[in-house]
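The values are calculated or read from the model by the stated rules, or taken from the named source; none is laboratory data. Given the structure is predicted, the values throughout are model-derived calculations rather than measurements. Here the Cβ positions follow ideal geometry from the backbone for every residue, glycine too, while neighbour counts run over all protein chains shown.
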Amino acid sequence: MTGSTVFVDQGWFPLTNDSQENWNEFCSFIMKINAAGTEVVYSTIIGGGLNDFGEGIAVDQQGNAIMTGYGNSEDFPLKNQLYSYKSEFDAFIVQLSSDGSEVLFSTFLGGTKDDMATDIALDQDNNIYITGKTDSIDFPMIDPVGEPGGLNDVFITKVSSDQKKLSFSSYIGGTGNDEATSIHVISSDSIVLAGVTEKPISETRFFFPTVQPIQENMGGKKDAFILKLVSDTPMDNTPPTLPGNLISSVQQQTWTRQTQITISWAAANDSDSGVAGYSYQWDAITNSSPDLTVDTTQLQSISPALSSGNTHYFHIRTIDKAGNASQVVHSGPFYIDIDSPDLPQSPFSVSHNLNVCSTQSTIDIQWSASNDTHSGIAGYAILWDTHSGTIPSGQITTTDTQTKSPQLNNSTSHYIHIRAVDRAGNWTSSALHYGPFCIERSQIPDTPTGLTIGGGLFFQNHYI
């Protein structure tokens, strides 16, 4: 059995030791009772941090319980999901192992507004059918037989027995509020739904799709309906080809300051139902699988702004119009570094002292290397002048942590300025300033000229 229960105090609801406890205000639960009705075999709460409601349950041929309902918990426990949480209330499907100890499969199903599943059924091949109501115009559709028509419409969705795709999904409804409350599967090609349709107060003309109706017109504000869906659509169980020849705007495993990466690819093919589009995601995992949501019909995607790190990956797969998905193509890792390195530290001179004049006109300087968390230090820009706060330009002078000045003129205010850059091209915004140094070289007198020897006499072996 399934349902929902209001949280009052943890421990008040009967749970078994193997249950998946995750309490919130409204909790969905699955409970199995033995055939005699005398003992709870297992009992578990399934949900996230907000509100989750169990509405329908079925048991497959392996004894696994499959529940459907709806919730608005973004942290709802998902596993091998076809779709992630979208918005407001989304329908969900959860498959629990026969002993109640493990979630085997769990997915959301919905659009940008409220989507509420009310019942579930299985066919002889363990394909899953759920129905309910939706207010979303972007509810996932596969070969639909109807379009959104009113405030709420019925949805009917078939999930393949391997739980890897939607085999069929459609709206059914008219101009009013329509909700299916029960589903029965005669065979994989024949489904019966029952529910309620409600005439809007403001509508003067009312429409609900009927075929060979017993009653053609509404009898009141709310009427029951029953309908049978029969499929004569050719099946497409062949996945499309992969998106090919992925090209990125930056090289993989090469550091860059560019936070947004453009990925383009060659078009995939599908010879049966045709390509619907591509599903992709960015994350920090090497082999993720995007869900079955078509994210784009284009042949390129621009990433969101990515943070510094070396574990950015892109994953993409093709989705065809029958809901089949290709294998996933992975690209990465991409290395991004947008953080500046630290300034170099602890400068000292092995040849000169600060504020002490020296006749030696070249100065030897050493310093401790800068630190950089991500890409590492590429080098340093060096500048000598007679100012205390100059910032060197962005050009690497040395990759070492020592340098010798050029020949310096006499001055009491020589400074060295050192700036670091990392391998992604991020420079320190300021510089390490070290000085002043004093250079005072001795002046050698010029050689005198225009000398004459008194009287113009010549003195052999005498010199002046």
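Restricted to the stretch 210-251, and to residues that are under 30 Å from Gly309 (Cβ atoms), of a type in the set (S, T, N, Q) and loosely packed, with under 15 Cβ neighbours inside 10 Å, which residue is farthest from the chain's Cα centre (by Cα)? That would be Asn245.
From Asp125, Asp119, grab the single residue that is assigned to a strand (DSSP E or B), closer than 26 Å to Asp189 by Cα and touching a residue at least 40 places away in the same chain (Cβ under 8 Å). Unique residue meeting the criteria: Asp119. So, in the stretch 262-281, exactly how many residues are touching a strand residue (DSSP E or B) at 6+ places or on another chain (Cβ under 6 Å) and either over 16 Å from Pro240 (Cα atoms) or acidic (Asp, Glu) (or both)? Selection size over the stretch 262-281: 5.
Take the residues in the stretch 128-153 that are touching a Lys or Arg at 6+ places or on another chain (Cβ under 6 Å) and in a strand (DSSP E or B); name whichever of them is nearest to Gly173 (Cα to Cα). Steps first, please.
We begin by selecting, within the stretch 128-153, every residue touching a Lys or Arg at 6+ places or on another chain (Cβ under 6 Å); these are 129, 135-136, 152.
After this cut, where a residue has to be in a strand (DSSP E or B) as well, the list is 129, 152.
Details: Tyr129: 18, Asn152: 8 Å.
Here the answer is Asn152.
With respect to Thr403, determine if the residue is in a strand (DSSP E or B) and in contact with a Pro (Cβ under 7 Å, 6 or more places away or on another chain). So Thr403 does not fit the description; no.
Taking strands (runs of 3 or more DSSP E) as the structural unit, those lying wholly within the stretch 253-346 and holding at least 1 residues that are surrounded by 20 or more Cβ atoms within 10 Å (Cβ to Cβ), within 17 Å of the chain's Cα centre (by Cα) and hydroxyl-bearing (Ser, Thr, Tyr) correspond to 275-283, 329-336.
With the structure loaded, tell me whether Ser84 is surrounded by fewer than 22 Cβ atoms within 10 Å (Cβ to Cβ) and free of Cβ contacts under 8 Å to residues at least 60 places away in the same chain or whether it fails that test. Reasoning before the result, please.
Details: surrounded by fewer than 22 Cβ atoms within 10 Å (Cβ to Cβ): yes; free of Cβ contacts under 8 Å to residues at least 60 places away in the same chain: no.
Here the answer is no, as Ser84 does not meet what is asked.
Of all residue pairs spaced 6 or more apart or on separate chains, those with beta-carbon atoms under 7 Å, a first member in the stretch 213-224 that is assigned by TED's automatic domain parsing to the domain that holds Glu179 and a second member that is outside any loop (DSSP other than H, G, I, E, B) and surrounded by 11 or more Cβ atoms within 10 Å (Cβ to Cβ) are Lys221/Glu198; Lys222/Val196; Lys222/Glu198; Asp223/Thr197; Ala224/Ala194; Ala224/Val196.
If you check Ile33, Ile45, which single one turns out to be within 21 Å of Ala117 (Cβ to Cβ) and modelled with pLDDT of 75 or more? Answer to the selection: Ile45. Taken over the stretch 91-101, the residue count meeting the criterion of being over 11 Å from Ile30 (Cβ atoms) and either in a strand (DSSP E or B) or within 21 Å of the chain's Cα centre (by Cα) (or both) is 3.
Is it true that Thr181 is under 33 Å from the mean Cα position of the chain (by Cα), modelled with pLDDT of 90 or more and in a strand (DSSP E or B)?
On the way: under 33 Å from the mean Cα position of the chain (by Cα): no; modelled with pLDDT of 90 or more: yes; in a strand (DSSP E or B): yes.
Judged against the criteria, Thr181 is not a match.
Could you list, in sequence order, all residues of the stretch 389-421 that are in contact with a Cys (Cβ under 9 Å, 6 or more places away or on another chain) and surrounded by 17 or more Cβ atoms within 10 Å (Cβ to Cβ)? Listed by number, the list holds a single entry, His414. Only one of the numbered conditions (1) in contact with a Pro (Cβ under 9 Å, 6 or more places away or on another chain); (2) part of a strand (DSSP E or B); (3) of a type in the set (Ser, Thr, Tyr) is not met by Thr373, and that is (2).
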